[in-house]
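First up is the structure itself, then whatever we jot down about it.
The values are calculated or read from the model by the stated rules, or taken from the named source; none is laboratory data. From a predicted model like this one, the values you see are computed outputs, not experimental measurements. We place every Cβ from the backbone using ideal geometry, glycine too, and count neighbours over all the protein chains shown.
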Amino acid sequence: MIGYVSVILGKRKPESKLLNCRSLTAIITAEIIDYPMKYALVHEWLTPKATGGSELVVREILQCLEADLYALIDFESTNPDSYLYGRSIGTTFLQNFPKARNGVQKYLPFLPLAIEQLNLEDYDVILSSSHCVAKGVLIRPDQVHICYCHTPMRYAWDLTFDYLANSKLGRGLPGIFTRYLLHGLRQWDVISANRVDYFLANSHHTARRIWRCYRREAKVIYPPVQIERFPYQEKKEDFYLVVSRLVSYKKVPLIVEAFNQLGLPLVVIGDGPQMALIRQLAKDNIQILGAVSDQMVAEYMSKAKAFIYAACEDFGIALVEAQACGTPVIGFAAGGALETVRDLRENSPQGTGLLFGEQNPQSLQEAVKYFVDHADKIDPEDCRQQANRFTPEVFRNAYSLFIEEHSISKNYC
């Protein structure tokens, strides 16, 4: 049972010939007694605008076990529409910073310091859900720290130059200070990885990045995807679909350029800094809807002939959501897509989409043309079955088992 540890006299092997004092005390005082483990769960930020895959992981972890929740900032416990409404959540000094509600990324230099101010000394097991600094909490030697890592912070590592090229802070004199800040952030990131006992990763792609950045092994547990929110539909309409934040690394302009040449109908859903550029590029065959409701996203996904994705994602929840609708995926052959999409050319007759090899309009055009000629070979039911590999239940079972097997505190004096 998660949350309890049995310590039985005579059945616990000491780690050395001499029992340390805390181990001996635990054995004597808890001879045949189950005692509840205390868990703390740490996430970066909890705001109404933060509704991505990492927040879904937090929600499912809280379904697995009872844990006190901590974050840099929290504006969900006061949000009547949130499942966290009324919950007591520990926060940091950033909670009171101006405009923190809109995100604390603007306070990036303070994030490592802030996360280290969370006092978690009363807990046996620390769980972190980390894509930035959550794994950097300070712990005692006898506590166990298990980190579910969505990604090593991308703007400090593999997206550094993309971030600098697309930010005003990356140019001129501010650019020098930004580079120095990111250099220090990388050093802190590696140091703080040593505070983690066990890493979990959301994909094999992320596990390889964890190894490259931290030289740490990570077990892969795929994140939960709420496929029940996405209606399965076999009959498709004559349009292709993009659902994405309009930021540079998502490569939406690349998709628009490809479909400009193809002349096929494309619907773009999403908002972001590249909206003006995309509107400027788009021809009459491309419809740009901007930000829409979750319900409308699900409706468009279920009706689309295919879902188009050109980014290299750590996992890529949208790719699974599309397949849950029975909609094939045409995606870039990198990152999580290699683990969530079965290429028709390699997995016939159970293919669920196509993967194109180069991140350019020409490679995407070739994949779309192949899809047009072979779309009838993809069974929507195969797409749905592929999505079923990533349900919340599958995540909870795998995560619960790992926590149960690795939650024994280290019992140092």
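The rows are residues; the columns are (1) buried (at least 20 other Cβ atoms within 10 Å of the Cβ); (2) within 18 Å of the chain's Cα centre (by Cα); (3) more than 30 Å from Glu228 (Cβ to Cβ).
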| position | (1), (2), (3) |
| --- | --- |
| Val58 | yes, yes, no |
| Gln63 | no, yes, no |
| Ala71 | yes, yes, no |
| Asp81 | no, no, no |
| Gly90 | no, no, yes |
| Phe93 | no, no, yes |
| Pro98 | no, no, yes |
| Gly103 | no, yes, no |
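Is it fair to say Asn96 is in contact with a Pro (Cβ under 6 Å, 6 or more places away or on another chain), farther than 22 Å from Arg396 by Cα, assigned by TED's automatic domain parsing to the domain that holds Ser167 and without any contact (Cβ under 8 Å) to a residue 60 or more places away in the chain?
no
Check the stretch 307-329 and report whether any residue there is without any contact (Cβ under 8 Å) to a residue 24 or more places away in the chain and assigned to a loop (DSSP other than H, G, I, E, B).
no
What pairs can you find where one residue is in the stretch 230-245 and acidic (Asp, Glu), the other is surrounded by 21 or more Cβ atoms within 10 Å (Cβ to Cβ), and their Cβ atoms are less than 6 Å apart, with a gap of 6+ or different chains?
As it stands, the answer is Glu234/Gly326, since those pairs meet every condition given.
Which residues, taken from the stretch 38-56, are modelled with pLDDT of 95 or more and of a type in the set (Val, Ile, Thr)?
Listed by number, the list holds a single entry, Val42.
If you check Asp142, Asp158, Asp124, which single one turns out to be among the acidic types (Asp, Glu) and over 25 Å from Ile403 (Cβ atoms)?
One residue alone meets the criteria, Asp158.
What are the pairs, 6+ residues apart or on separate chains, where a residue within the stretch 371-398 that is closer than 15 Å to Val341 by Cβ has its Cβ under 6 Å from a residue that is polar (S, T, N, Q)?
Here the result reads Asp382/Gln350; Asp382/Thr352; Cys383/Gln323; Cys383/Thr352; Gln386/Gln323; Gln386/Thr352; Ala387/Gln323, each pair linking the stretch 371-398 to a residue that is polar (S, T, N, Q).
How about the stretch 271-289: which of its residues are modelled with pLDDT of 95 or more and small (Gly, Ala, Ser)?
Those that are modelled with pLDDT of 95 or more and small (Gly, Ala, Ser): Ala276, Ala282.
Checking the structure you have, find out if any residue of the stretch 193-205 is under 20 Å from Gly316 (Cα atoms), in a helix (DSSP H, G or I) and at pLDDT 95 or above.
yes
So how many residues does the stretch 121-167 have that are buried (at least 22 other Cβ atoms within 10 Å of the Cβ) and charged (D, E, K, R)?
Counting residues in the stretch 121-167 that are buried (at least 22 other Cβ atoms within 10 Å of the Cβ) and charged (D, E, K, R) gives 1.
How many residues does the stretch 42-56 hold that are outside any helix (DSSP H, G or I) and surrounded by 18 or more Cβ atoms within 10 Å (Cβ to Cβ)?
6
If we keep just the residues of the stretch 221-245 that are assigned to a strand (DSSP E or B) and within 23 Å of the chain's Cα centre (by Cα), which is surrounded by the fewest Cβ atoms within 10 Å (Cβ to Cβ)?
Val243
Looking only at residues in the stretch 189-220 that are among the hydrophobic types (A, V, I, L, M, F, W, C) and surrounded by fewer than 17 Cβ atoms within 10 Å (Cβ to Cβ), which one is nearest to Val137 (Cα to Cα)?
In this case the residue turns out to be Ile191.
Counting only residues that are exposed (fewer than 14 other Cβ atoms within 10 Å of the Cβ) and without any contact (Cβ under 8 Å) to a residue 60 or more places away in the chain, how many does the stretch 286-306 have?
Within the stretch 286-306, residues that are exposed (fewer than 14 other Cβ atoms within 10 Å of the Cβ) and without any contact (Cβ under 8 Å) to a residue 60 or more places away in the chain number 6.
Out of Leu84, Leu72, which single residue is within 30 Å of Ala311 (Cβ to Cβ), in a loop (DSSP other than H, G, I, E, B) and either among the hydroxyl-bearing types (Ser, Thr, Tyr) or touching a strand residue (DSSP E or B) at 6+ places or on another chain (Cβ under 9 Å) (or both)?
So the residue among Leu84, Leu72 that is within 30 Å of Ala311 (Cβ to Cβ), in a loop (DSSP other than H, G, I, E, B) and either among the hydroxyl-bearing types (Ser, Thr, Tyr) or touching a strand residue (DSSP E or B) at 6+ places or on another chain (Cβ under 9 Å) (or both) is Leu84.
I'm told Lys168 meets every condition in (1) in contact with a Pro (Cβ under 8 Å, 6 or more places away or on another chain); (2) in contact (Cβ under 8 Å) with a residue 12 or more places away in the chain except one. Can you identify the failing condition by its number?
The failed condition is (2).
Could you tell me whether Tyr35 is modelled with pLDDT under 95, outside any helix (DSSP H, G or I), out of contact with any strand residue (DSSP E or B) (no Cβ under 8 Å at 6 or more places or on another chain) and surrounded by fewer than 17 Cβ atoms within 10 Å (Cβ to Cβ)?
Judged against the criteria, Tyr35 is not a match.
Test of understanding: among Asp189, Asp124, Asp158, Asp197, which residue is in contact with a Ser or Thr (Cβ under 6 Å, 6 or more places away or on another chain), assigned by TED's automatic domain parsing to the domain that holds Glu66 and not hydrophobic (A, V, I, L, M, F, W, C)?
Exactly one residue qualifies, and that residue is Asp124.
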